[in-house]
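What follows draws every value from the coordinates through simple rules; no lab data is involved. Computed from a prediction, not measured in an experiment: that's the story for all the values here. Cβ sites come from the backbone with ideal geometry, for glycine too, and all protein chains shown count toward neighbours.
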Amino acid sequence: MSAQYVSRYEARVDLVRNALRELSDLDAKTAQDVAVRVVHVLDHLPESIR
């Protein structure tokens, strides 16, 4: 049994998606779409704003 590789990006999307599912009534597809968008926005914020 070997561990499956999960990229940092995928881990961040999973974290956001799971939070959205826990805290809202979003379905899985919508939560995934929003999570991808949130991670994208966070990744592109200037360092001075983070």
Requested in this report: Within region 43-50, identify whether any single residue is surrounded by 11 or more Cβ atoms within 10 Å (Cβ to Cβ) and either without any contact (Cβ under 8 Å) to a residue 12 or more places away in the chain or not in a loop (DSSP other than H, G, I, E, B) (or both), and answer yes or no.
Outcome: no
Query - Residues (of a type outside the set (A, V, I, L, M) and either touching a residue at least 24 places away in the same chain (Cβ under 8 Å) or in a loop (DSSP other than H, G, I, E, B) (or both)) located in region 7-42 - result: S7, Y9, R12, S24, D25, D27
Report task. Among what's in region 1-41 and is exposed (fewer than 12 other Cβ atoms within 10 Å of the Cβ) and among the hydrophobic types (A, V, I, L, M, F, W, C), pick the residue that is farthest from the chain's Cα centre (by Cα). Result -> M1
